[in-house]
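Below is one structure, written out as C-alpha cells, with a few remarks after it.
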Amino acid sequence: MQLFRPTYEVEECVEAVRKVLSSGWTGQGPQCKQFEESWSAFTKAKYSHFLNSATAALHIAVRMLDLPKGSNILTTPLTFVSTNAAILYEGHTPVFVDVNERDLSLSFDDFKIKAEESCARSALWVHYGGQVSLEFWKMLESKREDFAVIEDCAHASGAYYPDGSRVGSRSDTTSCFSFQAVKNLPTFDSGVICLSSLAMHERAKRLAWLGIDKDTFTRTNTSQNELYKWYYQVSELGWKYNGNDVAAAIANVQLKYLDRDNQVRREIYQCYKKNFEGQSPIALVAHSLESAHHLLVIRVKNRDEVIAALKAEGIAPGVHYLPNYEFPVFRPFYKRGSCPVSEKISSEIISLPNHLQLIRSDIDRVCDLVIRSAK
Ligand SMILES: Cc1ncc(COP(=O)(O)O)c(C=O)c1O
C-alpha cells in the first residue's frame, strides 16, 4: 500500500494533452493562461502565474522581498527542503521558529520571540499537511503592515483560511502552490505563485522567464510590429522557471475535481480519527474541516518499531519531515535546543497512507497494525 498515489482523470487529461500536442504549441501558452485565470477565479487570488514548481514560486517570492543579502527570515524546520532552500538561494539566513504540538505548524509564541531576537522583517510560513493553523491567523492579525509573509501552500491547494476564504486569496501575502505528482492537484511537476499587485505579477513573470520582458507566446501572437516580433529586453536576470502547456492542460482538468477530491481526503481523515479514538499511545495531528488534508500524521513514542511493523505488511509509511537543521546545509543556522518541540516530535512522527484510492478496509488494516505496535 502506497503512502501517496495520484489519481488523474486519465481520459480527460489524455484528451487535453492530445489537443496541446496537436496544436503545435507545447511551451508556455494558452493552457497556462487559462489555468492562471481559473486558479485566480477558484482562489480569488488577484494574480496567478503558472510555473514549473512550488520551489520556483518560493524562490521568486523570496527574491521579490528585495532584502539585503544575509537578511534573517523566519521559517519552519519541519518542511520539505524547498522552503528553506529558497532562503539560501538568495543568500539570506533562515531563523528556525519552533512548531506547535497541536498541528505542527509554527508556534506564534516562539514566532514573536524569534522575530524580536532576530529583527526579521519577513517570514515563510508552511501550511503543514494542508491546513491553516490558528497560529498563522494570530500572526497575521498582529503583524505590522511592512512585515512580509510568504505562504508555502504546497500542501494546501483548495484549503480555506479560518474565515472561510480560500487559501491564496490574501492581498497581504504571496502564496506558492505545488502541483507536483502526489499533491492534492496532481500534474507531474508544476506550481503557481499568487500575487496581489500587477507590478509584482509582471516582475514574477519576468523572473520566471530569464528576466525577458515578453513571453514567446505573447510576442509571437500579439506583436503589432511584424518586423520586430523577435525583440525583447532583459533588465533583471531571472531563471527558467516557466510552466508549459502540457502540464497546464493536466492542471486545467484536475482543478475541476479538486474540491471533490479534498472531500474524499476529509472523509479518509475522519475514518483514521475514529479508529484512533481512545488509543492513548497514538496522537493524531489535528485537522480542521477547512484543511486540504494532504498529510495524515500521527505521533508515537516508538516510531521506528511502528514503521517496521507497517513495512513488514507491505504498507509504506513516511516521515514529514526530518527537521531541516539536521541537514549539513542548514545546520550552521541552528542552535541546538532552540526548537525543543521540533526536536522532540521529530522522532515521533509518521505519515500514514493518504490518497484517494484507499478503501475503508485499507484504513482499518493500517490502523489495526499501528494500534497493535504503538507503545
Ligand atoms: C512544504 C513544501 N514546500 C515546497 C515544496 C516544493 O514543491 P515542488 O515539488 O512543486 O517544487 C514541497 C514539495 O513536496 C513541499 O512539501
When a/c reaches 1.5 or more, the comparison of a/b and b/c decides; with that in mind, is region 203-246 rounded, prolate or oblate per its Cα gyration tensor? oblate
Accessible-area value, Leu322, 1.4 Å probe, nucleic acids and ligands omitted, Å²: 100 Å²
Mean projected area (nm²) from the convex hull of Cα positions in region 259-370 is 8.4 nm²
Less than 27 Å apart at the alpha-carbon level, and either on another chain or at least 8 residues along: which lysines does that give for Lys256? Lys19, Lys33, Lys44, Lys46, Lys183, Lys205
To the nearest Å², the heavy-atom accessible area per residue of region 155-217 with 1.4 Å probe amounts to 32 Å²
Tilt, helix 258-276 to longest principal axis of the chain (alpha-carbon atoms), in degrees rounded to tens, equals 10 degrees
Apply 1/(1 + (r/R0)^6) to the Cβ-Cβ distance of Lys375 and Lys274, taking R0 = 30 Å, and write down the FRET efficiency to the nearest 0.05. 0.85
Quick one: if the Förster radius is 35 Å, what FRET efficiency do Lys311 and Glu9 give, using the C-beta to C-beta distance and rounding to 0.05? 0.65
Could you work out the helix-only [θ] at 222 nm for the chain, with each DSSP H run of four or more residues adding -39,500 (n - 2.57) and the total divided by the number of residues, to the nearest 500 deg cm²/dmol? -11500 deg cm²/dmol
For the pair Gln2 and Asp304, the simple spin-label estimate (label points 7 Å beyond Cα toward Cβ) gives in nm 2.9 nm
Residue span Ile113 to Tyr89: 0.36 nm per residue of separation minus Cα-Cα distance leaves a gain in nm of 6.1 nm
Using θ = phi - 60° and the Karplus curve 6.51 cos²θ - 1.76 cosθ + 1.60, what whole-Hz ³J(HN,Hα) does each residue of region 120-126 get, with Gly and Pro shown as x? 5, 10, 7, 8, 10, 10, 8
FRET efficiency estimate (nearest 0.05) - Cβ-Cβ, Val341 to Ser235, R0 45 angstrom: 0.50
Between helix 108-118 and the chain, what is the angle of the helix's C-alpha long axis to the longest principal axis, kept within 0 to 90° and rounded to the nearest 10? 60 degrees
At 1.4 Å probe size, with no ligands or nucleic acids counted, give the accessible surface of Glu11 in Å², nearest ten. 140 Å²
Roughly speaking, what is the stretch gain from Val329 to Ser288, that is 0.36 nm per residue apart minus the C-alpha to C-alpha distance, in nm to one decimal? 11.4 nm
With a ≥ b ≥ c from the Cα gyration tensor eigenvalues, square-rooted, and the rule rounded for a/c under 1.5, otherwise prolate when a/b > b/c and oblate otherwise, the chain is oblate
Can you tell me the orientation of helix 30-43 relative to the chain, as the angle in degrees between its alpha-carbon axis and the longest Cα principal axis, to the nearest 10? 50 degrees
Full extension from Ser165 to Lys44: what is 0.36 nm times the residue separation minus their Cα-Cα distance, to one decimal in nm? 42.7 nm
Checking the a/c ratio against 1.5 first, then a/b against b/c, what shape does the Cα gyration tensor give for region 148-287? prolate
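The values are calculated or read from the model by the stated rules, or taken from the named source; none is laboratory data. Predicted model only: the values in this text are computed from it and were never measured. All Cβ positions, glycine included, derive from the backbone under ideal geometry; neighbour counts span all protein chains shown. Ligands, DNA and RNA are stripped out before the accessible areas are found, and what is left, the full protein with its side chains, is counted by its heavy atoms. Shrake-Rupley method; radii C 1.70, N 1.55, O 1.52, S 1.80 Å.
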